[in-house]
Amino acid sequence: MKNLITFLLFLIIPLNFFSQGIGNSKTTQSIPFPSTNTVTEGMARIYIIRTTGTLWNYSVSVYLDEKMIGKLGPKSYIMFEVNADKEISIGTAFIGNSVRNKNEENQEFITINPKSGKTYYVDVKAKYGTFRGQTELNPLENEEAQKMISKFDKPKVNYLE
């Protein structure tokens, strides 16, 4: 009996946690992915980067002005352009967590007042919360962000024109 319990603890339970994360943390975006390396005139470019692997089995929903635009798996990014000189709000929440109101602990927001031709990098950190996972959004330095982006795969784009 003791051997069976040991077997369950060291093999079955870790496999269960691993299998829950497979396919659950893919990165997709549902808005256009810029096709050039330069920012379009009159636009600003935004990178939303999940820089860590913490809570790897959960994707993070990303919102632009309260409209869902994608989901982030660990160590991944999405990239898009917005009209310059029009303030935007970017929000994140864990997928799978119930979202009841704007005060839930699993939601976070940042406001950007984009300028034409500029690129903005936002760091999304996933962390453990009191009752569920939380996200934290912070500006990220250009050099640090570019190093990370070069190591991450391009997101799957679910957008048609």
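At a glance:
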{"quantity": "Sole exception among (1) at pLDDT below 95; (2) within 13 Å of the chain's Cα centre (by Cα) for Val122, by number", "calculated": "(1)"}
{"quantity": "Residue that is out of contact with any Ser or Thr (no Cβ under 8 Å at 6 or more places or on another chain) and at pLDDT below 70, where the choices are Asn97, Asn106", "calculated": "Asn97"}
{"quantity": "Residues of the stretch 125-158 satisfying the condition of being of a type in the set (Ser, Thr, Tyr) and at pLDDT 90 or above", "calculated": "Ser150"}
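The values are calculated or read from the model by the stated rules, or taken from the named source; none is laboratory data. Everything quoted here is computed from the prediction, not taken from an experiment. Quick reminder, even Gly has a Cβ in these numbers, built from the backbone with ideal geometry, and neighbours come from all protein chains shown.
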